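Accompanying notes for the structure given below.
The values are calculated or read from the model by the stated rules, or taken from the named source; none is laboratory data. Predicted model, so just to flag it, every value in this text is computed and none were measured. Every residue, glycine as well, gets a Cβ built from its backbone with ideal geometry; the counts of neighbours run over all protein chains shown.
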2 protein chains.
Amino acid sequence: MKVLVTGSAGFIGTHVSRALLGDGFEVTGYDQKESSEPGIESIVGDFLDLEALTGAVEGHDVIVHIGAIGDVYLAATNPELAASVNVTGSTNIALAAEAAGARVVYASTWEVYGEPAYEPVDEKHPCEPDHPYNITKLAGERMLIAADRLRDVPVIALRLGTAYGLGMRPNSVFEIFIEKARKGEPITIQGDGSQGRQFTHARDIARAFVAAARSDVRGIALNVVSPEMISIKQLADIVTERFPTEVTYGQPRPGDVPPSYVSAARIEEKLGWKTEVSFEEGMAELLSADRG
Amino acid sequence: MKVLVTGSAGFIGTHVSRALLGDGFEVTGYDQKESSEPGIESIVGDFLDLEALTGAVEGHDVIVHIGAIGDVYLAATNPELAASVNVTGSTNIALAAEAAGARVVYASTWEVYGEPAYEPVDEKHPCEPDHPYNITKLAGERMLIAADRLRDVPVIALRLGTAYGLGMRPNSVFEIFIEKARKGEPITIQGDGSQGRQFTHARDIARAFVAAARSDVRGIALNVVSPEMISIKQLADIVTERFPTEVTYGQPRPGDVPPSYVSAARIEEKLGWKTEVSFEEGMAELLSADRG
């Protein structure tokens, strides 16, 4: 089976590409830069270029579509870019998949739900996103699910919890806390620190993509989240236990989504997926990593 | 007050421009072709060109954003175009409005709701669009409402009922029925004819845009629909009463949204708007029109 992975040079794309290779897929990376992962054939390209994308997808059985404006703050400052990449880009993926007869696995986000009307939030919960990031990610998801129905392109969407693990973006709260604490600089919690997230390890997320790529489940979205709800205060405590430093408190950041408890019951039922990496293990790995 | 109207050369744009002029606004049309309406200054331009759009909007107090891929069937065949025009285009409108300090009135659609969870459908009803047309119209609406909150651009979205009136697209069910019946050709109802729509006259819709442009209500969406639910069978009966011809039945068209009864109570409360043109009057006007 041949799979093309968009966003293959990024954090989640690297973990997913590695997991797909490990599971026996032939992996082509499609990104604006080459994948650093050994064993992957890299195509440097832009999925806003439908013709180039369609050519690249030819001969593949599956497209794993991870490429996106995935940085909430970039989406806020450049919403027109988020609209173009996340909505038009995902629509191009649907058209290229149709031409190649390929299946699509789409990286969506738990942030599509907005304020919880009930908890735990399952996939039937209404979606009321209110920020350029989650609005465009949901629209991209819906354009793909519509292509499943209208164009017979098999699509599965994975609504990912906040991912963490080795290779995260330097502006993630994990990287900021660890870098500052290692240097003995104070770390600042935005807000009161009580807001929680179901931080989900990138290797667990990668296993969900492999399961989705192997499955014939289609036309639906599935939550991919860890059951552990971790507050920013708990995260700061774990970091400062290893690298003691001062903790201060600042203003909440605009665009921060209020926490809600999200259920992963449906993906366990449909794909047999559940998390394997506990937050304690994931953090131990991050804190021990050689940072050069 | 100066208002810039996108999509000014189209069906709804023409009615809205005329009503704005009649209410004392200075009206600039911004479309890919010139407006035929006397008294309007036309700028031929593309709102996907953010720089040109920003220049055009300068000096205006209000943008009425009607321009879109508004044809459901075109959106189905060219979903990447619907994504680009309806989502990125509407995001560009938000950015140009921010630069000019202008207010935005956005033409959304009752079709954003999807299958009704309860009726009448009010503005708090969940939105579950499933077609490239309504998915992209909702995403455009949400990008604008997000700009209201994040960029302080005053935005009001009008979720329009299915519009009818003089100047409709030739592929509308109204124009198809009337043209065929006048020639004595059989007319074909797609489906069993029981599906209803709250057909809303373009002059009533135009009055809602004027009220929204004059108002300081912001950050919300309002339904703009006639209270009359008319089935396709009733429409065919009215047409064939005037121009007798045979009525046949065909397959439902893909992309046809199931009917749901939508409430206009909130816009009456917020803007004092309600319909003035009954379906009987609107149809009498359409059936009497000189068709060359």
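Determine, yes or no, whether B:Leu150 is outside any loop (DSSP other than H, G, I, E, B), at pLDDT 95 or above, farther than 21 Å from A:Ala221 by Cβ and more than 9 Å from chain A (Cβ to nearest Cβ).
Values: outside any loop (DSSP other than H, G, I, E, B): yes; at pLDDT 95 or above: yes; farther than 21 Å from A:Ala221 by Cβ: yes; more than 9 Å from chain A (Cβ to nearest Cβ): no.
Considered against the rule, which asks whether it is outside any loop (DSSP other than H, G, I, E, B), at pLDDT 95 or above, farther than 21 Å from A:Ala221 by Cβ and more than 9 Å from chain A (Cβ to nearest Cβ), B:Leu150 comes out as no.
Can you tell me which residue among B:Glu241, B:Glu228, B:Glu268, B:Glu276 is without any contact (Cβ under 8 Å) to a residue 40 or more places away in the chain and closer than 30 Å to B:Arg142 by Cα?
Numbers: B:Glu241 fails: closer than 30 Å to B:Arg142 by Cα; B:Glu228 fails: without any contact (Cβ under 8 Å) to a residue 40 or more places away in the chain; B:Glu276 fails: without any contact (Cβ under 8 Å) to a residue 40 or more places away in the chain.
After ruling out the rest, the residue left standing is B:Glu268.
With respect to B:Arg207, is the statement that it is assigned to a loop (DSSP other than H, G, I, E, B) and charged (D, E, K, R) true? Spell out how you get there, then give the answer.
Details: assigned to a loop (DSSP other than H, G, I, E, B): no; charged (D, E, K, R): yes.
No.
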Next on the checklist: Condition first: within 20 Å of B:Ile156 (Cα to Cα) and either surrounded by 24 or more Cβ atoms within 10 Å (Cβ to Cβ) or at pLDDT 95 or above (or both). Now tell me which residues in segment B:60-81 satisfy that.
Outcome noted: B:His60, B:Asp61, B:Val62, B:Ile63, B:Val64, B:His65, B:Ile66, B:Gly67, B:Ala68, B:Ile69
Next on the checklist: Being among the acidic types (Asp, Glu) and crowded, with 20+ Cβ neighbours inside 10 Å is the filter here; which residues of segment A:181-226 pass it?
Outcome noted: A:Asp204
Checklist entry - Residues of segment A:1-36 being touching a residue at least 60 places away in the same chain (Cβ under 8 Å) and aromatic (Phe, Trp, Tyr), which ones? => result A:Phe11, A:Phe25
Checklist entry - What number goes with the only condition from (1) assigned to a loop (DSSP other than H, G, I, E, B); (2) more than 14 Å from chain A (Cβ to nearest Cβ) that B:Ser17 does not pass? => result (1)
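Residues of segment B:46-81 being of a type outside the set (A, V, I, L, M) and under 20 Å from A:Thr136 (Cα atoms), which ones?
Here is the first cut: in segment B:46-81, the residues of a type outside the set (A, V, I, L, M) are B:46-47, B:49, B:51, B:54-55, B:58-61, B:65, B:67, B:70-71, B:73, B:77-80.
Across segment B:46-81, the qualifying residues are B:Phe47, B:Asp49, B:His65, B:Gly67, B:Gly70, B:Asn78, B:Pro79, B:Glu80.
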Checklist entry - Could you list, in sequence order, the residues of segment B:250-275 that are within 18 Å of B:Val210 (Cα to Cα) and touching a helix residue (DSSP H, G or I) at 6+ places or on another chain (Cβ under 6 Å)? => result B:Leu271, B:Trp273, B:Lys274, B:Thr275
Next on the checklist: When you check B:Ser84 against the structure, is it crowded, with 20+ Cβ neighbours inside 10 Å, closer than 27 Å to A:Ala139 by Cα and either under 15 Å from the mean Cα position of the chain (by Cα) or without any contact (Cβ under 8 Å) to a residue 60 or more places away in the chain (or both), yes or no?
Outcome noted: yes
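Which is part of a loop (DSSP other than H, G, I, E, B) and out of contact with any His (no Cβ under 8 Å at 6 or more places or on another chain), of A:Glu185, A:Glu141, A:Glu175? Let's see the steps before the verdict.
Values: A:Glu141 fails: part of a loop (DSSP other than H, G, I, E, B); A:Glu175 fails: part of a loop (DSSP other than H, G, I, E, B).
Step by step, each of A:Glu185, A:Glu141, A:Glu175 is checked, and only A:Glu185 is part of a loop (DSSP other than H, G, I, E, B) and out of contact with any His (no Cβ under 8 Å at 6 or more places or on another chain).
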Item to check | Subset of segment A:73-119 that is part of a loop (DSSP other than H, G, I, E, B) and over 18 Å from A:Gly45 (Cβ atoms) - its residue that is farthest from the other protein chains (Cβ to nearest Cβ) | outcome: A:Gly101
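Return the residue satisfying two criteria in turn: it lies in segment A:153-172 and is part of a loop (DSSP other than H, G, I, E, B) and over 17 Å from A:Leu74 (Cβ atoms), and of such residues it is farthest from the other protein chains (Cβ to nearest Cβ). Reasoning before the result, please.
Going residue by residue through segment A:153-172, those that are part of a loop (DSSP other than H, G, I, E, B) are A:153-154, A:161-162, A:165-172.
Next, from what is left, pick out any that are over 17 Å from A:Leu74 (Cβ atoms): A:153-154, A:161, A:165-167.
Working: A:Val153: 11, A:Pro154: 16, A:Gly161: 22, A:Gly165: 29, A:Leu166: 32, A:Gly167: 29 Å.
Selected residue: A:Leu166.
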Next on the checklist: Among the residues of segment B:52-67, are any small (Gly, Ala, Ser), without any contact (Cβ under 8 Å) to a residue 12 or more places away in the chain and more than 10 Å from chain A (Cβ to nearest Cβ)?
Outcome noted: yes
Checklist outcome for this item: Condition set within 14 Å of chain A (Cβ to nearest Cβ) and of a type in the set (D, E, K, R), scope segment B:250-288, selection nearest to B:Arg218 (Cα to Cα): answer is B:Asp256
Item to check | Checklist (1) under 20 Å from the mean Cα position of the chain (by Cα); (2) charged (D, E, K, R); (3) within 12 Å of chain A (Cβ to nearest Cβ) applied to B:Asp49, failing item | outcome: (1)
Checklist entry - So B:Asn134 fits all but one of (1) more than 10 Å from chain A (Cβ to nearest Cβ); (2) touching a residue at least 40 places away in the same chain (Cβ under 8 Å); what number is the exception? => result (1)
Checklist outcome for this item: Per the list (1) at pLDDT 95 or above; (2) more than 29 Å from A:Ile135 (Cα to Cα); (3) not in a helix (DSSP H, G or I); (4) not acidic (Asp, Glu), residue check on A:Pro38 breaks on (1)
Next on the checklist: I'd like to know if segment B:24-47 contains one or more residues that are surrounded by fewer than 22 Cβ atoms within 10 Å (Cβ to Cβ), closer than 17 Å to B:Phe209 by Cα and of a type in the set (Lys, Arg).
Outcome noted: no
